[in-house]
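I have placed the structure first, in the form of C-alpha cells, so that the comments after it can refer back to it.
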Amino acid sequence: MIHGLTGVVTAVRELPPESTQQAVGYPSLFLLVALGALVPVVPTGAIVSSAAVVAFHQTSPMALLFVFLVAAFAALLGDTALYWLGQRGVRSRNGSRWLAALRGRVTPDRLAHAQERLDTHQVSVLVLSRLVPAGRIPVMLACLLSEMPLRRFVRGDLAACLAWAATYQLIGILGGSLFPEPWQGVVAAVGLTVLISAVPGLWRRLRGPRAKVGGVSEQ
C-alpha cells in the first residue's frame with residue numbers, strides 16, 4: 001500500500017499544475033474507489049484525499065464538486081455490488097466465496113458488537129461504519145446476516161458514502177490549503193489518512209491485554 005501511495009505522490013510532484021487534474025482523471029478515481037469498496041485492500045480514503053488536493057489547486061471551481069460526486073457514487077456502487085454478492089451467499093446453501101471473504105475479515109466479537117449496534121441504531125450505524133476505519137465490513141456482514149433487503153441497505157449506505165466522501169475530501173482540502181504545491185498537499189493528506197486508518201488497530205492492540213486481564217480477574 002505504501003509503495004502505491006508513494007507512486008501517486010511522485011506522479012503528482014512531477015506533473016505541471018495544469019496537467020494534474022487530467023493525470024488523476026475522474027474515470028481513474030471512479031474505478032479505484034469502486035474497486036476499493038468491492039475488494040477492501042485499496043486505500044480509497046487516501047485516493048479521495050489526494051484527488052481533492054489536486055482539484056483544490058485547479059482553476060475550475062467545479063473540480064472539487066466532481067471529485068466529491070464521483071467518489072461518493074463509486075463507493076455506493078462498490079458497496080452495493082459487494083452486498084449483492086454477499087446476499088447470494090446468504091441465500092445459497094453452500095454459501096459463496098464473497099460471503100466467506102467477508103466472514104474471514106471479521107472476528108466474532110466485532111461481528112457481535114456490530115449486530116448489537118445494528119439492532120438499536122439501524123441507519124446511523126451504516127453511516128458511522130464508513131467513517132470509522134475498518135468499520136464498514138463488520139456492519140455490512142451484520143446487515144447480511146440479519147437479511148436486510150438490498151434496497152434498504154442502499155438507502156442507508158447512500159448517506160454513509162456521501163458523508164465518507166465529504167470527510168476525506170475535507171482532509172484533502174486541508175492538505176491543499178496548507179501547502180503551495182499539490183504534491184506537498186498529497187503527502188500531508190496521505191499521511192493523515194494512513195494515521196487515521198491505523199488508530200483502530202492500535203487501539204485494539206492496547207485494549208486486548210487489558211481485556212484479558214479483566215477477564216481473568218473476574219473469574
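The values are calculated or read from the model by the stated rules, or taken from the named source; none is laboratory data. These numbers come from a predicted model, not from an experiment. Note: ideal-geometry Cβ built from the backbone for every residue, glycine included; neighbour counts use all protein chains shown. Surface areas here come from the heavy atoms of the whole protein model, side chains and all, with no ligands, DNA or RNA. Shrake-Rupley method; radii C 1.70, N 1.55, O 1.52, S 1.80 Å.
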Toy charge model, Lys and Arg Cβ at +1, Asp and Glu Cβ at -1: the stretch 55-180 dipole around Cα centroid in debye, rounded to 20, equals 440
Kirkwood Rh for the stretch 67-152 from C-alpha pairs, in Å, is 13.3
Probe 1.4 Å, all chains present, heavy atoms only: V41 accessible area in Å², nearest 10, is 100
Evaluated at 37 °C and 0.692 mPa s, the Stokes-Einstein D of the stretch 71-115 based on the Kirkwood radius over Cα pairs, in µm²/s, stands at 284
Rounded to the nearest 10 Å², the accessible area of L64 using a 1.4 Å probe with every protein chain kept is 40
In the neighbourhood of C161 defined by beta carbon distances under 14 Å, the net charge of the other residues (Lys, Arg +1; Asp, Glu -1) is +1
